[in-house]
Structures are given as structure tokens and as C-alpha cells.
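As C-alpha cells, the structure follows; a few thoughts come after it.
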Amino acid sequence: MKLLLDTCVWGGALVFLRDSGHDVIWSGDWPADPGDEEILAFAYKNDRILVTLDKDFGELAVRFGFPHSGIIRLVGISARNQGKICHNILNIYKKDLMKSALITVTSDRVRIRVFSDN
């Protein structure tokens, strides 16, 4: 799958996800942080699922209706587990993500919100 990792996601997750066969860009490699709206717009324009730790992207999608190609928010997941957890979520919830789902993942729970109009 095509992913955009937000800067706050551990860089080691990039390596794990690439090694697992995903097409991954990490915004931490960009020369400057363009801000949440631009990151979300880049992910959408390039048909990439955004992976983040930041709740602001969910607010942009839900409250303000910003278009997106799916968002995975990792909450309280240790840096070393971010790649593995994300890979598992991509495999289990692929169909939901293809419908531009917002998926929030904690150590003991997964919440899914599907956006039918994206």
C-alpha cells in the first residue's frame, strides 16, 4: 500500500514498512514541515494513507471535511512497535482503508470511522 508517515512517526517504522513491501514516504525526510493541512493534502493528492500520532488530522477530516485517502492514528504505541502495528492494521483493515477510513489504534482497541463520501 502507499503510505505517508507523519514526522512524528518513528523513522524505524519507515524501514519496517518498506521491508514489508509498502510504498512509503516519511515527511521527516522533507526539508521543512509544511503543516498538517499540506501534509494531509499531499497524502490525498498522491493517494497515500497517512500514518500519524497526531489527533489534529482526524479533526481536519471529521470536523472540517478535508478529503483524505485514509488515516491511521497510533495512540500510545511505542516507537519500536509502530511499524509492526501499522503493518498489521493495513492487512486487517485494508478494505476499510480503501474507503478512506480513519482508524485509531491503541494497545487494546481499534476504532474505525469510514467516510463514504471521500
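Computed from the coordinates by the stated procedures, all read-outs in this text should not be read as laboratory data. These numbers come from a predicted model, not from an experiment. Reconstructed Cβ throughout: ideal geometry from the backbone, glycine too, with neighbour counts over all protein chains shown.
Here are the numbers:
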{"quantity": "Value at 222 nm in deg cm²/dmol, rounded to 500, when DSSP H runs of n ≥ 4 in the chain each add -39,500 (n - 2.57)", "calculated": "-9500 deg cm²/dmol"}
{"quantity": "Asp47 paired with Ala79, simple spin-label distance in nm, labels 7 Å along Cα-to-beta-carbon", "calculated": "3.4"}
{"quantity": "Positive-end residue of Pro67, Ile89, His22, charge dipole of segment 21-92 with Cβ unit charges", "calculated": "Ile89"}
{"quantity": "Rotationally averaged projected area of segment 23-66 (alpha carbon convex hull; nm²)", "calculated": "3.2"}
{"quantity": "Under-16-angstrom lysine pairs by C-alpha in the chain, whenever the two are 8 or more apart or on separate chains", "calculated": "7"}
{"quantity": "Cα-projected label distance for Cys8 with Asp29, points at 7 Å along beta-carbon direction, nm", "calculated": "2.2"}
{"quantity": "Inter-part distance where segment 58-101 and segment 1-26 are each reduced to a Cα centre, Å", "calculated": "12"}
{"quantity": "Rg [Å, one decimal], Dmax [Å, integer] - the chain, C-alpha atoms", "calculated": "12.7, 35"}
{"quantity": "Amide H partners (placed H, <5 Å) of Leu5, local residues excluded", "calculated": "Ile25, Trp26, Ser27, Val51"}
{"quantity": "Point-charge dipole on Cβ atoms (K/R +1, D/E -1) for segment 1-95, about Cα centre, debye to 20", "calculated": "500"}
